[in-house]
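Written below as structure tokens is the structure these notes are about.
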Amino acid sequence: LMVLADFGPGDLLGAHLLFGAEPVYPMTIVTRTQATLIGIGREARLDLLSGNRGFLASYLAAISTNTGVLSARIRDQHRRSIREIILVWLRERVQATGDRRVSLGMSKKAMAEQMGVRRTSLSRELQKMREDGLIEVDRDAITLCGPLP
């Protein structure tokens, strides 16, 4: 299991499939909390797209953003070592919060799923990184030591 994207309220899921020959979402979707999906039929979407420039622009922006994120995640996952994947994941969170202490707020299993690695591999690499002095690990957080990679 590999988490490719996190969706939130108002996000479009599968918008890029609207005009495809097989408009079936090709991946499994799992929610961490209760969620409601709203389906809009093809004809209703065509009416919205053709009759509302703002909706069309938002729809195209969402498709472009989601495609870019998905492509980058897949490409990056296959080129990096587990250590690199962990460091990128941590760096993204440090840059977003400005805090070198990254609160986990999730299990190692969920963390591994987000990174697209096995939980046992994640735990083993975190231990090696701790031994190498790159990180400090406690139950609730990981703290980056030294300069950002």
Surface accessible to a 1.4 Å probe, per residue, for the residues of region 110-149, Å²: 57 Å²
Relative contact order of the chain, pairs being alpha-carbon contacts under 8 Å that are 6 or more residues apart, as %: 25 percent
Net +/- balance of residues flanking GLY51 in space, Cβ distance below 14 Å, scoring K and R +1, D and E -1: 0
Given a 10 angstrom Cα cut-off, can you work out which residue in LEU60, LEU37, LEU12 is the most mobile in a GNM of the chain? LEU37
Which value in deg cm²/dmol, rounded to the nearest 500, describes the helix-derived mean residue ellipticity at 222 nm for the chain, given -39,500 (n - 2.57) per DSSP H run of n ≥ 4 and division by the residue count? -16000 deg cm²/dmol
Given H placed on each backbone N at 1.01 Å, which residues far from ILE135 in sequence or on other chains put an amide H within less than 5 Å of it? ARG130, CYS145
Anyone know which of MET27, MET106, MET115 comes out most mobile in the 10 Å Cα GNM of the chain? MET27
Compute the signed sum of charges (Lys and Arg +1, Asp and Glu -1) over the other residues within less than 12 Å, Cβ to Cβ, of LEU104. +3
Carbon/sulfur fraction of accessible area - the chain, other protein chains in place, 1.4 Å, %: 53 percent
Size of charge dipole - the chain - debye, nearest 20, with Cβ of Lys, Arg +1 and Asp, Glu -1, no other charges: 360 debye
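The values are calculated or read from the model by the stated rules, or taken from the named source; none is laboratory data. Quick caveat, the model's predicted, so the values are computed rather than measured. Every residue, glycine as well, gets a Cβ built from its backbone with ideal geometry; the counts of neighbours run over all protein chains shown. Side chains are part of the model used for accessible areas, which takes the heavy atoms of the whole protein and leaves out ligands, DNA and RNA. Shrake-Rupley method; radii C 1.70, N 1.55, O 1.52, S 1.80 Å.
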